[in-house]
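What follows draws every value from the coordinates through simple rules; no lab data is involved. Note that this is a predicted model, so its numbers are computed, not measured. All Cβ positions, even for glycine, are placed from backbone atoms using ideal geometry, and neighbour counts span all protein chains on display.
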Amino acid sequence: MKAFSPARFRAQFPALADAGVYLDSAATALKPTAVIEASRQFYSLSAGNVHRSQFAEAQQLTGRYEAGRAAVARLLNAPESESVIWTRGTTEAINMVAQCWLRPRLQPGDNIIVSEAEHHANLVPWLMVAQQTGATVVKLPIGPDRLPALEQLPALLNDRTRLLALGQMSNVTGGCPDLARAITLAHATGVKVMVDGAQGVVHCPPDVQQLDIDFYAFSGHKLYGPTGIGVLYGKRELLEEMTPWLGGGKMIVRVSFDGFDTQPLPWRLEAGTPNVAGVIGLSAALEWLQDIDLTEAENYSRGLATLAEAALSSRPGFRSFRCQDSSLLAFDFDGIHHSDLVTLLAESGVALRAGQHCAQPLLAALGVSGTLRASFAPYNTRQDVDALVNAIDRALEILGD
Ligand code: PMP
């Protein structure tokens, strides 16, 4: 049975054994013992590569590697494992869609609609492919609620639109647009949708079939897994249409100096020795997560962000950029530079991020040069909230002098 106990959850994270306060899970999540142990066992006990050698250990490893793919398919309710392509992370997955699927389909004068709330990973690849082809990138602005203004989408979609790129959850505001509505609107004009799930997946893994998502990307390291492993999910017919961008071992069935024939999905899009350790670590994270009540865990993290926001709102000059009841709290203080503040917080042992969060257009739309961002995870505590507030009080005192 799934359950969530804050204390039991926290006890799984060795990195929290020291005295520091970690409020940067939106940048990367800490790793539970299950993941650390699976990675250690892989490097100390495993022998062989995957999909290559005939000896028993290598065959067994291949089985575990492909079982990891099936576990991701179950997480997203993908119809089949072949729709799950291993990548280095979200950034690589989105670039793959831009270069392997969209680029051959773009003509000068075509357009790609991208929301203003996007991380650079879901903007720059579209700007690059537009530059390469003579297409344009059209902005879907945010509204007063800091969410992409979906009511403006119908007016932007036209017969030259080739893709809509939208994040499941902003890494700054924590805002989650209504994906179902955006996808229905885009599909009504025959436009495919790329959803960036880097930030959203740990909070609410989507049902890609129910939402009818065309492409979905996420990174293992934000889901308690290792760095360097991520996923591109795509509908089979779209992945089949993709031109592989990496050629090499294991993506072909036949090769001669006259040419080559590619493997079926998913291997045709995965040339070279893959990140086997990453897959093993991510699989361990997914297995470990199976016992956790993610909804309860999410409510708990949001509660901490609400407490922090309520406490800080009584401090002069505090401004919050938090959307809805997110577990992310982006904020600043009028007249105080975010870099000065975050440096003093680091001195107090409170780890969080300040700056533009790889979302310069969003920051420009919010009218700020940078913010601090405290991201709360289920391993954080009320003491962490107190530590943040106390460290901010101390910093404000120093900076006010
Ligand atoms: N999109 C969003 C919303 C993100 O928060 C991030 C990571 N900060 C990315 C994309 C990129 O993920 P990665 O660096 O793991 O490829």
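Remarks
- Extension gain, Ala3 to Ala180, is 60.9 nm, computed as 0.36 nm per intervening residue step minus the present C-alpha separation.
- Efficiency of FRET from Cβ geometry, Phe257 and Ala17, R₀ 60 Å, rounded to 0.05: 0.55
- Where chymotrypsin sites (Phe, Trp or Tyr not before Pro) in DSSP loops with at most 16 other Cβ within 10 Å are excluded, longest remaining stretch of the chain: 56-244
- Put in line by how crowded their Cβ is, counting other Cβ atoms within 10 Å and starting with the fewest, Thr306, Thr90, Thr243, Thr371 read Thr243, Thr306, Thr371, Thr90.
- Calculated [θ] (222 nm, deg cm²/dmol) that DSSP helices of n ≥ 4 give over the chain, each run adding -39,500 (n - 2.57): -11000 deg cm²/dmol
- Inter-label distance, nm, simple model (7 Å from Cα along the C-beta direction), Ala67/Ile336: 5.1
- Net +/- balance of residues flanking Pro378 in space, Cβ distance below 12 Å, scoring K and R +1, D and E -1: -1
- Label-point separation, Glu296 to Thr33 (7 Å along Cα→Cβ), nm: 2.0
- Legend: Rg and Dmax of the chain, from Cα coordinates, 22.0, 74 Å.
- Debye intensity ratio in log₁₀ form over the Cα atoms of segment 244-363, taken at each q of 0.12, 0.13, 0.14 Å⁻¹: -0.75, -0.80, -0.84
- Pairs from the table (Lys139/Lys192; Lys2/Lys222; Lys2/Lys31; Lys31/Lys139) lying more than 27 angstrom apart at Cα are Lys31/Lys139.
- Other residues lying with their Cβ under 13 Å from the Cβ of Asn171 contribute a combined charge of +2, Lys and Arg counting +1, Asp and Glu -1.
- For segment 137-224, applying the loop criterion from DSSP together with a ceiling of 16 other beta carbons within 10 Å to the trypsin sites (Lys or Arg not before Pro) yields Arg160.
- Residues whose amide H falls under 5 Å from that of Gly200, counting only those 5 or more places apart or on a different chain, are Gln168, Met169, with hydrogens built in the peptide plane.
- Secondary structure note: in the chain, about 55% of the DSSP beta bridges are antiparallel.
- Taking 0.36 nm per residue of separation and subtracting the current Cα-Cα distance, fully stretching the chain between Asp325 and Lys139 would add 64.4 nm.
- J(HN,Hα) series, segment 268-284, from Karplus relation 6.51 cos²θ - 1.76 cosθ + 1.60, nearest Hz, glycine and proline x: 4, 9, 10, 6, x, 5, x, 7, 5, 4, x, 5, 5, x, 5, 4, 5
- Summing +1 for each Lys or Arg and -1 for each Asp or Glu among the other residues whose beta-carbon sits under 12 angstrom from that of Ser283 gives +1.
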